[in-house]
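Read the structure below first, then the notes.
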Amino acid sequence: MDSEQADRPMTALDQLAQWTLADDPAFRDPAAQRQAMLLVLDSIGCAYAAHSSGAMDGVVELALELGGAPDATIIGSSQKTSVLNAVLANGALVRVLDLNDVMFAEKDGSLGVAGHRSDNIPVALAMAEKVGCSGADMLASIIMNYELYGRFRLLTPEDAPWDGSSVSGFVAAAMAGRLMGLDATRQAHGLGLSALRTAVPKIARKGEMSAGKSLANSLAAECGVQSALLAAKGLTGPREALDHEDGLHLLFDPARGLETLWAPPGQPLDIMSAHMKSYPSIGTSQTMATAALAFRPQLIDRLDDIERIEVTMADVPAVRHQQADRMRSNPQTREAADHSFTFLPCVTLVDGELTVRQFENERWRDPVISQLMDRVVMTVDADLRDRAPGSMPCRLSVTLKGGEEVVSECLYPPGHSFADKGLDPEAVKAKFHSVTAEVLPEAARERIIAAVLALDGAASFGAVATALVEDGVV
């Protein structure tokens, strides 16, 4: 390492490195660790469910072809691969169905989407398996991930051309370095190396939307873990990446307060507000699907009589931007369809469910669905927003021939996590059973649930890894 290190001034990354390595009691809080276990279970369920869609088969195949040291398990496979390949493959599997967690947070005076921070749970799974750390240590790294991810997001201006997954290069490097037990100097260099490849453009989840939407975070996370591994070998990175004028100022604005990155954790911890998605679609649509299901019995025999479907959502900038995206209104890909506020309520109304099956065979082209989509109009309402703090509520109003109107409203979807309570364990387990039933027998599901929900007292990740390998589907 650099012999002049001790004589150099502390940079932002030096201070951040110390914070990411601290054994803060907040990261051992029983309620937070319980929430982390539930999110691990939910993420594993999302990965198993992805196998049935085949959408990320190519990524899994590539990971297995590349091989390497058998450090970590690919979820749904009986084979192990290198830690980097596992981070890439599992990250893609967790994300691809848009079924993993979502968060909302206040930023610049309004509620917005605050990312899918469980995208980085595969980092913790792979690194914990590789280094053999305790379950509690692994959970602490996940809790830290939720805090740090949110802090970096708050430093990113809304009008910047960068996607939220840009923060995951830093976050993954921090998680990996923590689990490896790096010292503060090497941790800072790992963070610096991750800065070299961390910016993700917003086009990742705009326009027609490609597989890049599902891969963006896992690619960034893979680079972050690689950066930590390189730092562990003595490689150095630009520790001034956040401070220097030629650093990442356009991505993370120093005027917003770099010092917030290493401030003590507040209460409640961010992880307590991580919501479980009940449906494989964009987070702002969860209440929409719930509302559509609620009044379907009244409308299923009267679809031909529908003249207008008014979709009213919370009046916040994020929703307005999403509603204005023309490619979402007329989806051409599966990735655009699960973000489409025209397709989602219509297919839910027709089918009486919103699962991965609703995206098969390009259902957005089905004449019955497309005709209903043509009758959708979108609007926003400030009163609706104010009635459901911390949520993205929705009201559906259907006008039938003759002027009859049928209205359904949802303020909080089934998977909403209130910060003082966290997720409902029974709801998480029920979802896990539901989304994995096609690929796992019940006994296997129960084994995985039991192993994951015992992580806080486990000596290692081994029991979970064993359950995943025993019950592989690939």
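How about region 330-406: which helices (runs of 4 or more DSSP H) wholly inside it have at least 1 residues that are within 19 Å of Y279 (Cα to Cα) and not hydrophobic (A, V, I, L, M, F, W, C)? If you could, list the steps in order and put the result at the bottom.
Numbers: elements: 334-337, 343-351, 367-373, 382-387.
Filter on region 330-406 gives 334-337, 343-351.
Going by the structure shown, is I282 within 17 Å of the chain's Cα centre (by Cα) and surrounded by fewer than 24 Cβ atoms within 10 Å (Cβ to Cβ)?
Numbers: within 17 Å of the chain's Cα centre (by Cα): yes; surrounded by fewer than 24 Cβ atoms within 10 Å (Cβ to Cβ): yes.
Yes; evaluated as a whole, the condition is true for this residue.
Testing I271 on (1) assigned by TED's automatic domain parsing to the domain that holds A32; (2) not in a helix (DSSP H, G or I), one condition comes back false. Which one is that?
Of (1) assigned by TED's automatic domain parsing to the domain that holds A32; (2) not in a helix (DSSP H, G or I), only one is false for I271: (2).
Which condition does A160 not pass, out of (1) out of contact with any Lys or Arg (no Cβ under 9 Å at 6 or more places or on another chain); (2) modelled with pLDDT under 95, if it passes all the others?
Looking at each condition in turn, A160 falls short on (1).
Are any of the residues in region 312-331 touching a residue at least 40 places away in the same chain (Cβ under 8 Å), exposed (fewer than 13 other Cβ atoms within 10 Å of the Cβ) and more than 17 Å from E208 (Cα to Cα)?
no
Please go through region 411-427 and pick out each residue that is in a loop (DSSP other than H, G, I, E, B) and surrounded by 19 or more Cβ atoms within 10 Å (Cβ to Cβ).
So in region 411-427, the residues in a loop (DSSP other than H, G, I, E, B) come out as 411-417, 419-421, 423-424.
P413, G415, H416, S417, L423 - these are the residues of region 411-427 that are in a loop (DSSP other than H, G, I, E, B) and surrounded by 19 or more Cβ atoms within 10 Å (Cβ to Cβ).
Identify all residues within region 30-70 that are in a loop (DSSP other than H, G, I, E, B), under 28 Å from H433 (Cβ atoms) and of a type outside the set (A, V, I, L, M); write none if there are none.
In the first step, residues of region 30-70 are kept if they are in a loop (DSSP other than H, G, I, E, B); the result is 54-56, 67-70.
Going one step further and asking which of them are under 28 Å from H433 (Cβ atoms), we end up with 54-56.
Within region 30-70, G54 is the sole residue that qualifies.
Tell me which residues, restricted to region 338-357, are free of Cβ contacts under 8 Å to residues at least 24 places away in the same chain and crowded, with 24+ Cβ neighbours inside 10 Å. Step through it out loud before you land on a result.
The initial filter retains those residues of region 338-357 that are free of Cβ contacts under 8 Å to residues at least 24 places away in the same chain, namely 347, 351, 357.
Scanning region 338-357 gives a single hit, V347.
State all residues of region 239-264 that are within 14 Å of G169 (Cα to Cα) and modelled with pLDDT of 95 or more; if no residue qualifies, say none.
Within region 239-264, the first condition is being within 14 Å of G169 (Cα to Cα), and the residues that meet it are 241-242, 248, 251-252.
Once the filter is applied, which keeps residues that are within 14 Å of G169 (Cα to Cα) and modelled with pLDDT of 95 or more, region 239-264 yields A241, L242.
Can you pull out the residues in region 440-462 that are surrounded by 13 or more Cβ atoms within 10 Å (Cβ to Cβ), in contact (Cβ under 8 Å) with a residue 12 or more places away in the chain and closer than 17 Å to L39 by Cα?
Filtering region 440-462 down to residues surrounded by 13 or more Cβ atoms within 10 Å (Cβ to Cβ) leaves 440, 444-449, 451-456, 458, 460-462.
Filter again for in contact (Cβ under 8 Å) with a residue 12 or more places away in the chain, leaving 440, 444-445, 447-449, 451-456, 458, 460-462.
Once the filter is applied, which keeps residues that are surrounded by 13 or more Cβ atoms within 10 Å (Cβ to Cβ), in contact (Cβ under 8 Å) with a residue 12 or more places away in the chain and closer than 17 Å to L39 by Cα, region 440-462 yields R445, R447, I448, I449, A451, V452, L453, A454, L455, D456, A458, F461.
Of the numbered conditions (1) in contact (Cβ under 8 Å) with a residue 24 or more places away in the chain; (2) assigned to a helix (DSSP H, G or I), A430 fails exactly one; give the number of that condition.
(1)
Looking at the structure I just gave you, is E106 farther than 23 Å from I271 by Cβ, of a type outside the set (A, V, I, L, M, F, W, C), surrounded by fewer than 24 Cβ atoms within 10 Å (Cβ to Cβ) and modelled with pLDDT under 95?
Taking the combined requirement at face value, the residue does not satisfy it.
So in region 243-258, with the set limited to residues that are touching a helix residue (DSSP H, G or I) at 6+ places or on another chain (Cβ under 8 Å) and either outside the structural domain of S166 (by TED's automatic domain parsing) or in a loop (DSSP other than H, G, I, E, B) (or both), which one is nearest to L13 (Cα to Cα)?
Among those residues, the one meeting the criterion is D243.
Scan region 195-224 for residues that are among the basic types (K, R) and out of contact with any helix residue (DSSP H, G or I) (no Cβ under 6 Å at 6 or more places or on another chain) and jot them down. Show your work before the answer.
Going residue by residue through region 195-224, those that are among the basic types (K, R) are 197, 202, 205-206, 213.
Answer for region 195-224, where residues must be among the basic types (K, R) and out of contact with any helix residue (DSSP H, G or I) (no Cβ under 6 Å at 6 or more places or on another chain): K202, K206.
Residues are listed down the side, and each one gets a yes or a no for (1) within 27 Å of S278 (Cβ to Cβ); (2) touching a residue at least 24 places away in the same chain (Cβ under 8 Å); (3) acidic (D, E):
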site: G54; (1), (2), (3): yes, no, no
site: L84; (1), (2), (3): no, yes, no
site: M103; (1), (2), (3): yes, yes, no
site: P122; (1), (2), (3): yes, yes, no
site: L125; (1), (2), (3): yes, yes, no
site: G150; (1), (2), (3): yes, yes, no
site: P161; (1), (2), (3): no, yes, no
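The values are calculated or read from the model by the stated rules, or taken from the named source; none is laboratory data. No experiment lies behind these values; they were computed from the predicted model shown. Neighbour counts run over all protein chains shown; Cβ positions are idealised from the backbone, glycine included.
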